[in-house]
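The structure under discussion appears below in the form of structure tokens.
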Amino acid sequence: MTQERSEIRISGRIRGLNGRVRSGQNAQNLACYNLLTFVPIFLYEQFTQLPNLYFLLIAGLQQIPDISPTGRWGTIGTLSILLGLTFIRDVIEDLRRRATDVKINNRRTFVFSQDHFQCTKWKDVIVGDILEIVKDDIVPADCILLTSSEPLGISYIDTAHLDGESNLKVRQALFGVSYLVTNEDVCDFNCTIELEPQTKDLNEFRAILRHQNKIYQIGLGQFLPRGVTLRNTDWVLGIVIATGYETKQLMNAKISNPTKVSQFDAKVSKIIGALLLGLILLCLICATIHTLDVCRNPALSYTDADDVLCDPSWFLFFSSFLRLLILFHNVVPVSLLATVQIIRLIQSYHIKNDVEIFSEAYNKGATVQNSQLNEMLGQVQYIFSDKTGTITKNKLKFKKCSIGGMVLEPSVDAKGLLSLLKGCQCSRSSSRTCSVDCQQIRDMFQAMVLCHTVIPQKNEKGQEFFVGSPDEKAILQGCADFGISKFVGRDPANNAFISYRGQRFKYSVLYVLEYTSERKMMSTILKTEDGQILMYSKGADSAILSLLKVPPDPMHIIDLEHFAGDGLRTMCYAYKLLEPHFFHMWENKWLQAISQITQRSQKVTEALGAIETELEFLGITGVEDELQDEAKSSIQKLLKANINIWILSGDRQENAVSTAKRAGLIHDHIPLILIPDCDLDEARDIACDHVAKFREENLASKCHALVLVVAGRSIGHCHDCPKLKNHLLELCMCSTTVICYRVDPKQKADLIQMIQKKSGKVTLAIGDGSNDVPMLQTAHIGIGISGIPDEHIQFHGSEAASVADYAIAEFRGLPKLVLSHGAQNSLRVANMVCFFFYKSVTFHLIQLWFLLFSKWSGQPVFDRFTTSLHNLAFTFLPPFALTLMDQYDGGPWSTQTLVVPIFALLPDFIAKAFSRHRFERELPSSDFEEDRQTLISLSESLPRIRSRIQLKNLARGFAFSENEPKSVRESECFVAYSRSFNRPKS
């Protein structure tokens, strides 16, 4: 079924033409509960867990009169304490998420209402509002750009928090509406927008705007998605076309924060389920023996209680079964769950106060928001990491460049380069003959300072700084360090000014052909002061080298490989001198292409291909993306622990691969497989070829020597092609490291989900931005980087840290969290569980042994307080201390302490339980008279016993409850009954 377009009406004078204005339409809600749903949802989640449901059943059975041998309040009291602790923990964690929601929803923006812009909270923004967004502010909702403070309606946005890309994106307003400057213009503005159905794809947007009887086609170039940051532009005006969970950002994120359950809890539930089956079987056997024994041996002659022995055998069996079930219910200790909750809180305290995780640079430590996963940290097999801001600092530094076969570094070759250029005054328009190196160096440095989208600005102290893509800022700073060329600035007429060896030059910027992931390059067309038209291009080597008129010198290829081997982000530069006649023909073609309503992308691609060809090579730059402190050593520690580390980045392939090389994830001797950004058929064929190759060469067993590099688009094809999905997963399972580039937030989550289903291993995701939220929620464990500051946005990283299970300030804290706290917690809790089951089983073995001497009646050998407090108080401290203070020395761990005592007692128990003469003993005849008098005095107290079940037990010669006054001790009753029953027949 095809979805229809939606229509939005906008009026500057009337707000809310598209529906009732109400608060909260644009609100984000990461909290799991509210006041009405908290208790029902909490109880549902708790009692869908087998242990809690079991103890609730036992607590209910204990309330039945004459059934429970252990009292009425022991289990329900302990269960209430357990649920209370869990309730408090969930409330605290949900309040923390709600505080983050409030902080985000109460951010301020400017909405046009009542003839002027008013300060409004984010949550109160509605569809159809006209917003004013100022520099360095975050866009609160999906908007269409109307106008901006820059010439031609151009604006720059930073999408790093949305898709992970560090370079700025250019947006340009429609020419027909860019006149909106004053409040009067906005007040008189009216239009209608027809929207295509909203999708999750961040790179897809189409709409039609109708204004003053004209139709304008709107595309990605006018789209401002929620979550992007306005850069290099004083202000923009935009129309809100989607709010809340209809925006692309929140559509890619999960609507609610999922409840994660520890695998430890799941395993304990399985153990409890097995114990319950064994317990039920034991109770059935004991109840059957008891029923048969009573039916064969009616009331003793001296009890005078025939009136209470008339119950049918099925009722006797059922009541005995329930009594035995309650008697042995602590084989599954309810105090175990309460102890685990307390242990987890103390473990969380240790994690928060770990000085090795604490970051002095950012004055932050670790935060635990889901203590249930403390044990799973030690079971992690796959780590999925974001790149920008997580492994790297996103602070780039210009390291070196290659020009004319020379490798130059600012800190080493600046003076020598100035000496080389001394006396060189030539230009391309002059008639003088210059050396090739001199002219190529000049062109290269001009290309570096002109082919970019950076805007220089001054701060409050008057210091100049660059605002723009980190790559471009690093290159400009490198040029300034050489002391040869410098980018000065731009003017409103779209002129660029540079300084070359002290002389100032002016260039008119005619067109900027933007960088896209498909092209992997950008170009700038300029006009010099003497009328020449030049085009400078830069991009990935795979894009630039294929467009050259003449192949580059082999030395450049060698330098390119060396730069890449050093882990640098490489960029190739080229130029082309354009003839005026050719340029004007191309300009007409370009203007027609960008104004097309249908087949626009195809026409634009053709126009770009017509001019970006037959380029002349200039040189190569190498930029280093600085890694986080101790990031490489941290990754090596995790690799030594046999943990697979994957990088999921929205950045370009070259940047992702270079970062992986510098982090030690990729080595030259390890084969690398590439599945590029391509359509479904091509991706399937490439994957099939690689899988067939590895199967033939039997390399599947050599999974330690393979690196897979795959594009996000190819991952997205897996939903439509199961064959591609299976081949891709097979390659992933044979790789120690997988590098995924150009992946959007949903593709990150989908990939993690596929690996979880395929491997069944514990996965961990770590990231710092809102684009990482889906993968943090999908992975078994999500860790947010909270300490990396943004120079403009105070909330940077808050989205990831708020929804994550754990938050750390820097990546270097991950090994300590996983390999130390995680491993220790996992082993300690595992030992504690075995300790608990061991002491519970051994405690109840005494009771089971006692059944042999009480005719399987279910009479407790211990009083109710001893039974209730055995696990909760008497034996609580040893496993508690073991779990908190035990240090793992690396030796093997076994369950011998649990298994051996049980099997040592089992043969003797079986022999006693199934022996036909288990009650036949040789007793002195002098004791019989005394025993008989004891039972007679016992029978005389029958009228004072109010409990029917006690009356029955007493009539049959069993022991009775200690609650009744004026009765003999039950131990005397057991001994007397046993001796009388086994009296030798005369």
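The values are calculated or read from the model by the stated rules, or taken from the named source; none is laboratory data. Source: prediction; values computed, not measured. Cβ: placed from backbone, ideal geometry, glycine included. Neighbour counts: every protein chain shown. The protein model used for the area step is the full one, side chains on, heavy atoms only, and it has no ligands, DNA or RNA in it. Shrake-Rupley method; radii C 1.70, N 1.55, O 1.52, S 1.80 Å.
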Relative packing of peptides 222-228, 497-503 - highest average C-beta neighbours within 10 Å first: 222-228, 497-503
Per residue, in Å², the accessible surface of region 125-253 once ligands and nucleic acids are set aside, probe 1.4 Å: 32 Å²
Principal axis box of region 610-705, alpha-carbon based, largest edge first, Å: 52, 41, 24
Sequence ranges 763-776, 102-115, ranked by mean other-Cβ count within 10 angstrom, highest first: 763-776, 102-115
Relative packing of 750-761, 666-677, which averages over residues the other C-beta atoms within 10 Å, highest first: 750-761, 666-677
Pairwise label distance in nanometres, Leu884 with Ser313, each label 7 Å out on the Cα-Cβ vector: 5.5 nm
Karplus 3J(HN,Hα) series, Hz, for region 808-820 with 6.51 cos²θ - 1.76 cosθ + 1.60 (x for Gly, Pro): 10, 7, 9, 5, 5, x, 5, x, 5, 5, 8, 7, 9
Cα→Cβ-extended label distance, 7 Å offset, between Leu877 and Asp185, nm: 7.9 nm
Rounded percent of accessible protein surface that carbon and sulfur make up, region 125-253, 1.4 Å probe: 47 percent
Residue-by-residue Karplus 3J(HN,Hα) for region 443-455, coefficients 6.51, -1.76, 1.60, Hz, glycine and proline x: 4, 5, 5, 5, 5, 5, 8, 10, 8, 6, 10, 7, 10
Loop trypsin sites (Lys or Arg not before Pro), region 177-221, which have at most 12 other Cβ atoms in a 10 Å radius of their Cβ (DSSP): none
